[in-house]
Amino acid sequence: MNPREVLIIGGGASGLTAAISAARKGARVTLIEGLNRVGKKILATGNGRCNLSNMTADKIHYHGENPEFMEYVVSQVTVEETLGFFQLLGLETKVEEGGKVFPLSDQASGVLDLLRYEVEKLGVRQILGDPVISLEKKAPEFTLKTASGKKILGDRVILATGGKSAPKLGSTGTGYALGKALGHSMTPVFPALVQIKCENPGFRNMKGVKIQGRIRSELKGRTLREEKGEILFTDYGVSGPPVLQLSRGIAESLGREERPGIVIDFFPEIPEEKLYETLWMMVSLDGEKPLDFSLIGLLNKKVIPVVLREIGVENLKKPCGEVGDQEIQKLTRLLKACRLKPSGTLSWKDSQVTAGGFRTKEIHPNTLESKTVPGLYFAGEVLDIDGDCGGFNLQWAWSSGIVAGERAAR
Ligand SMILES: Cc1cc2nc3c(=O)[nH]c(=O)nc-3n(C[C@H](O)[C@H](O)[C@H](O)COP(=O)(O)OP(=O)(O)OC[C@H]3O[C@@H](n4cnc5c(N)ncnc54)[C@H](O)[C@@H]3O)c2cc1C
């Protein structure tokens, strides 16, 4: 029997693992990548360290219309099996806080080089710098055309074109038109794992301030999600790892025209009563000290005028002796529950992952093959599955790439 001709569109994390697994199963594989090299995004992951997986990669860390879909796929290629896959390529890994997995070398480029080495060793044909612009099926074959005018035929196609996040790294969303042309439908896409814009103009003066705080998103008094860690105040709103985790829920809620809120606790380790006592003690030390100056041992100097104005203090220099209990109470409450109004998120260019994508109900979870177009497979972020920050998205890309590659080669 002739080997399968498998065409893989997109040479990112999922396309590379799909190419390796299909070639290992004996298929003749062609990998077509729009950029002039494969895996550019992998180089940017984990701040150049590549947070390639997470030991706790289960359903609760994934989102989309049907997060269970992810379970079917990742149960076929688990985290342990993925790390085993990488170990056989020559990559040693370590587990850090929160179950995050990194290469021992702390270098994303090492991960990519090992994948590229294997792709080349397996004889995968690579067409680089030539994006696919159309895809059609005239049974039994698929025909795709590239921007330079190449026409390529194959028995099987794996769509691994990623989403729209970080378009400079290749994922511009052009893959969506290819799947749609074959009749697949999509859920709305929007940037996730992205910075949040806020309406509160006063807080823009805190630009550049970082705190180790607790942040939660809420809707009508109900907490949507809560995270702790480094929060960065910016001229547009807030950033930092816990903010990225909140961004999907906020964007979704704003998209439904709701009014979600953000609540920041500046001192998560200090109970409210203790903070109240501490503030009283600080202003009681010296009745002549200006109020703003009396707080410099507790708060960043850029934070002080903002929070004092926020609680209605007009004269920031007023002597501590004139400060009343109401002001201390208000300040305590503000520092424990500072409310910001999100107005949106930054754009695709800043986001790490795309929420939404091809509807998983139109795809077989065991094989990643289309239910309507036999021979068409999907892998990675192009699907309506996105994960939290912490290695979950790459794990999804690796697992789905391996499953799609193996199945397409059968
Ligand atoms: C800055 C940044 C940091 C990140 N860090 C992490 C991290 O540490 N851990 C983690 O788990 N996740 C991280 N992510 C997310 C993770 O990188 C992605 O979810 C993952 O790479 C998706 O893999 P993919 O193969 O589906 O898509 P991509 O990696 O986006 O690959 C898609 C490929 O398809 C190509 N392509 C697109 N259209 C066409 C076409 N028409 N023809 C041919 N080729 C095409 C693109 O050029 C691209 O190479 C990060 C993302 C960013 C942007």
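How big is the C-alpha Rg of region 288-389 next to the rule-of-thumb value 2.2 N^0.38 Å, as a ratio?
2.05
May I ask you to work out the translational diffusion coefficient for the chain at 25 °C, viscosity 0.890 mPa s, via Stokes-Einstein with Rh from the Kirkwood sum over Cα pairs, reported in whole µm²/s?
Result for D is 106 µm²/s.
Starting from the amide H of Glu369, placed 1.01 Å from N in the peptide plane, find each other amide H under 5 Å away whose residue is 5 or more places distant or on another chain.
Hits under the 5 Å cutoff: His364.
Taking the alpha-carbon set of region 122-273, what are its Rg and Dmax in Å?
Cα radius of gyration and Dmax of region 122-273 are 22.1, 72 Å respectively.
Could you tell me the convex hull volume per residue, in Å³, taken over the Cα atoms of region 195-346?
Considering the Cα atoms of region 195-346, their hull volume per residue is 102 Å³.
Short version: ³J(HN,Hα) in whole Hz for each residue of region 20-35, in order, from phi by Karplus 6.51 cos²θ - 1.76 cosθ + 1.60 (θ = phi - 60°), x for Gly and Pro, what are they?
Working through the residues one at a time gives 5, 6, 5, 5, 5, 8, x, 7, 8, 10, 10, 10, 10, 10, x, 7 Hz.
Mind checking the per residue accessible area of region 195-346 for me, 1.4 Å probe, whole number of Å²?
With the other protein chains kept in place, region 195-346 gives 51 Å² per residue.
Choose one answer from Pro271, Pro167, Pro342: the residue with the largest mean-square fluctuation in a GNM of the chain with alpha-carbon springs under 10 Å.
Judging by the Gaussian network model, the answer is Pro271.
Whose amide H sits under 5 Å from the amide H of Arg4, counting only residues 5 or more places off or on another chain, with H placed in the peptide plane?
Amide H neighbours of Arg4: Arg28.
With contacts defined as alpha carbon pairs under 8 Å and 6 or more residues apart, what's the relative contact order of region 149-271 in percent?
Details: 187 pairs, mean separation 28.5, N = 123.
Over region 149-271, the number comes to 23 percent.
Modelling each spin label as a point 7 Å along the Cα-to-Cβ direction, I'd like the Ile311/Tyr117 distance in nm, to one decimal.
Here the modelled spin labels are 6.0 nm apart.
Using the per-residue mean of other Cβ atoms lying within 10 Å as a proxy for protection, in what order, highest first, do the peptides 6-12, 59-65, 70-76 fall?
Final packing ranking: 6-12, 70-76, 59-65.
For a protection proxy built on the mean count of beta-carbon atoms within 10 angstrom, sort 364-374, 245-255, 154-164 highest first, please.
Details: 364-374: 17.4, 245-255: 20.7, 154-164: 27.8.
In decreasing order of mean packing, 364-374, 245-255, 154-164 become 154-164, 245-255, 364-374.
Of the candidates Asp325, Asp265, Asp106, which one comes out as most mobile in a Gaussian network treatment of the chain with C-alpha springs shorter than 10 Å?
Asp325
So for the chain, averaging the separation of alpha carbon pairs under 8 Å that are six or more residues apart and normalising by length, what relative contact order in percent results?
After rounding, I find 26 percent.
Do you know the relative contact order of region 195-346, to the nearest whole percent, from alpha carbon pairs under 8 angstrom that are 6+ apart?
Value for region 195-346: 31 percent.
Quick check: the angle from helix 79-89's long axis to the longest principal axis of the chain, C-alpha only, nearest 10 degrees?
For helix 79-89, the angle is close to 60 degrees.
Which ³J(HN,Hα) values in Hz, rounded to whole numbers, follow from the phi angles of region 119-125 under the Karplus curve 6.51 cos²θ - 1.76 cosθ + 1.60, where θ = phi - 60° and Gly and Pro get x?
4, 5, 4, 7, x, 5, 6
Taking the chain as a Gaussian network, where each spring joins two C-alpha atoms under 10 Å apart, which residue of Glu381, Glu33, Glu310 fluctuates the most?
In this elastic network of the chain, the residue with the biggest mean-square fluctuation among Glu381, Glu33, Glu310 is Glu310.
Would you mind working out the accessible area per residue for region 1-145, using a 1.4 Å probe, and quoting it in Å²?
Value returned for region 1-145: 47 Å² of accessible area per residue.
Give me, ordered by chain and number, the residues 5 or more places off Thr345 or on other chains with an amide H under 5 Å from its own placed amide H.
Lys197
Cross-link list Lys59/Lys100; Lys25/Lys164; Lys210/Lys302: which exceed 21 angstrom alpha carbon to alpha carbon? Please list the in-between numbers first.
Working: Lys59/Lys100 16 Å; Lys25/Lys164 31 Å; Lys210/Lys302 11 Å.
Cα-Cα > 21 Å for Lys25/Lys164; rest within.
Leaving out ligands, DNA and RNA, what percent of the accessible area of the chain is carbon and sulfur, probe 1.4 Å?
Accessible surface attributable to carbon and sulfur in the chain totals 50 percent.
What are the ³J(HN,Hα) couplings of region 295-300, residue after residue, when phi is run through the Karplus curve with 6.51, -1.76, 1.60 and θ = phi - 60°? Round to Hz, x for glycine and proline.
9, 5, x, 10, 10, 4
Add -39500 (n - 2.57) for each DSSP H run of 4 or more in the chain, then divide by its residues: what number comes out at 222 nm, to the nearest 500 deg cm²/dmol? All intermediate terms of the calculation are to be shown ahead of the outcome.
Values: 12 runs with 129 residues, N = 410.
Helix contribution divided over all residues of the chain: -9500 deg cm²/dmol.
Determine the percent antiparallel among the DSSP beta bridges restricted to the chain, to the nearest 5.
If I count the DSSP bridges inside the chain, around 75 percent turn out antiparallel.
The values are calculated or read from the model by the stated rules, or taken from the named source; none is laboratory data. The structure displayed is predicted, hence computed values, not measured ones. Heads up, the Cβs are rebuilt from the backbone with ideal geometry, glycines too, and the neighbour counts pull from every protein chain shown. Protein only, heavy atoms only, side chains kept; ligands, DNA and RNA dropped before computing areas. Shrake-Rupley method; radii C 1.70, N 1.55, O 1.52, S 1.80 Å.
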